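The block underneath contains the structure these notes are about, expressed in C-alpha cells.
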C-alpha cells in the first residue's frame, strides 16, 4: 500500500463560528483506493498557505510511502529542514497528515483506531462545552454572569456535567500580566453564580489563555478556590513550564494546559516541572494520534490525566475521541455543544452524542467521513486567522 494523492479543503465555518472561523482538512488516498482524512489546528498562517504547506510536506515525505509506517514518516517530517525541535507550524501540518494515515490504517484493518492503540477502555466519554451565546441574547454571555448561569441550566438539561467559561478578559500578545481588580471581581462573580446555579450537578472549568504572570494567576486562584473549579486552564503563557508549576504549587485548583504545546518533548518538560495535573493536547497540533498516545502514557507515570482540547472542526474531534477511548487516564472531552450545526453537516454521519457523553464509533479508522460536497460549498474567503490575540497591551 502506497500513498498516491492528496486534496486539501479550507472550509469556512458559518455563523455563529463556534470552533473558529475556518477548518483546514486534508484527504489522502492510496494506490488501492483507500482514503483517510485529517485536520490541522490553528497554524498561524493564512489557511490557503497552510493547505500548500500540507501538500508540500506530503510530496516530500509521504507520497509513495506506506501509511502504516507512521513512526518513520513522523521522524522524517519532524526533522525536515534541519529542525528536530517542537514547531507549531510544522507539527500542525504533520498532525493532519498523520491523522489521515491512521484513518487509512484503521480502514485497512477494518477496525477503529482505538482498537489498534490498546483497545477500548471507555464505553462513553464524558464531555464538556463552553457556555456559548444564543441568538437574541440581550447581553454578552461571556461577560454577564447572570446570563451564563441561566444558560448553564440549558446545558445541564442536555446532560452536560461540566461547563467552561473564560470571563478574565482579553488575551494579548504582550501577556502575562496582572488582571485588573474589575476582571478579578467579574471572574469571582462568574464562579459564585455558576456554582449556585449548578450546585454539585456540574464541574466548573475556568478558562484563561495565558493572560497572567504566575503571581497574578495565584492571586486569581485564591478568589476562585471557594467555588471548587475542576481546573484553572493555561493561566500563564505556554513558554515557561516552570512558571506554570509555580501556579500549580500555589493553589488547590488543578492546573490544565496544553493546547499551545506540541510533541512529547514539550509535554515532558511540563510534567517534569510539575506544571499541570490535566493535559489538554490538541491532536491537530500536538503531532497526531500516536504522539498523543505517547503523551498520555507519560502522563500516567505522573498520575496526570488527559482532556483533549477542541476549538476547531470535527475531524480533530474524531481523533480526540479515538485517543480518549483507549487511554486509561482520560478525564473529559471538549465538545462544541452537542456536535450539532455545521459540525454535523460537514460529516456524512454525525458524531454520536447522548446525554452529555460521546459514544465511541465502531466504524473503522477515525469513524467519520468528510462530506466533501458541503466542504466545497463552504470555502473560506476571508483573510483573518483561525484565532487571533489582542495586538496591544491590556491595562
- Message: For the range 24-47, which positions are surrounded by 15 or more Cβ atoms within 10 Å (Cβ to Cβ) and either out of contact with any helix residue (DSSP H, G or I) (no Cβ under 9 Å at 6 or more places or on another chain) or under 18 Å from residue 321 (Cα atoms) (or both)?
- Response: 25, 36, 37, 38, 39, 40, 41, 46, 47
- Restricting attention to the range 125-146, does a residue exist that is in a helix (DSSP H, G or I) and more than 23 Å from the chain's Cα centre (by Cα)? yes
- Quick one: in the range 218-237, of everything that is farther than 17 Å from residue 128 by Cβ and out of contact with any strand residue (DSSP E or B) (no Cβ under 7 Å at 6 or more places or on another chain), which residue is surrounded by the fewest Cβ atoms within 10 Å (Cβ to Cβ)? 226
- Item | Qualifying residues in the range 196-206 (those that are surrounded by fewer than 18 Cβ atoms within 10 Å (Cβ to Cβ) and in contact (Cβ under 8 Å) with a residue 24 or more places away in the chain) - the one farthest from residue 311 (Cα to Cα) | 196
- For residue 317, are the conditions met, namely being at positive phi, buried (at least 24 other Cβ atoms within 10 Å of the Cβ), under 16 Å from the mean Cα position of the chain (by Cα) and at pLDDT 95 or above? no
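Can you report the number of residues in the range 320-330 which are buried (at least 24 other Cβ atoms within 10 Å of the Cβ) and part of a loop (DSSP other than H, G, I, E, B)?
Residues in the range 320-330 being buried (at least 24 other Cβ atoms within 10 Å of the Cβ) and part of a loop (DSSP other than H, G, I, E, B): 1 in total.
Within the range 373-381, can one find any residue that is within 13 Å of the chain's Cα centre (by Cα), within 28 Å of residue 109 (Cα to Cα) and touching a residue at least 12 places away in the same chain (Cβ under 8 Å)?
Narrowing the range 373-381 to residues within 13 Å of the chain's Cα centre (by Cα): none.
No, the range 373-381 contains no residue that is within 13 Å of the chain's Cα centre (by Cα), within 28 Å of residue 109 (Cα to Cα) and touching a residue at least 12 places away in the same chain (Cβ under 8 Å).
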- Item | Every residue from the range 262-278 that is assigned to a loop (DSSP other than H, G, I, E, B) and more than 12 Å from residue 91 (Cα to Cα) | 274, 275, 276, 277
- Query: residue 260 is checked against (1) free of Cβ contacts under 8 Å to residues at least 40 places away in the same chain; (2) closer than 25 Å to residue 129 by Cβ and fails just one. What number does that condition carry?
  - Reply: (1)
- Task: Answer with yes or no whether residue 292 is under 16 Å from the mean Cα position of the chain (by Cα) and part of a strand (DSSP E or B).
- Result: no
- Task: Answer yes or no: is there a residue in the range 323-339 that is touching a residue at least 60 places away in the same chain (Cβ under 8 Å), under 18 Å from residue 106 (Cβ atoms) and out of contact with any helix residue (DSSP H, G or I) (no Cβ under 7 Å at 6 or more places or on another chain).
- Result: yes
- Task: Could you please find all residues in the range 238-258 being in contact with a strand residue (DSSP E or B) (Cβ under 9 Å, 6 or more places away or on another chain), more than 21 Å from residue 161 (Cβ to Cβ) and assigned to a loop (DSSP other than H, G, I, E, B)?
- Result: 238, 251, 258
- Query: Is there a residue being more than 30 Å from residue 358 (Cβ to Cβ), in contact with a helix residue (DSSP H, G or I) (Cβ under 6 Å, 6 or more places away or on another chain), assigned by TED's automatic domain parsing to the domain that holds residue 124 and at pLDDT 95 or above anywhere in the range 159-174?
  - Reply: no
- Task: Tell me which residues, restricted to the range 88-123, are assigned to a loop (DSSP other than H, G, I, E, B) and surrounded by fewer than 18 Cβ atoms within 10 Å (Cβ to Cβ).
- Result: 110, 111, 118, 119, 120, 121, 123
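The values are calculated or read from the model by the stated rules, or taken from the named source; none is laboratory data. Values in this document were obtained by computation on a predicted structure and should not be read as measured data. Cβ sites come from the backbone with ideal geometry, for glycine too, and all protein chains shown count toward neighbours.
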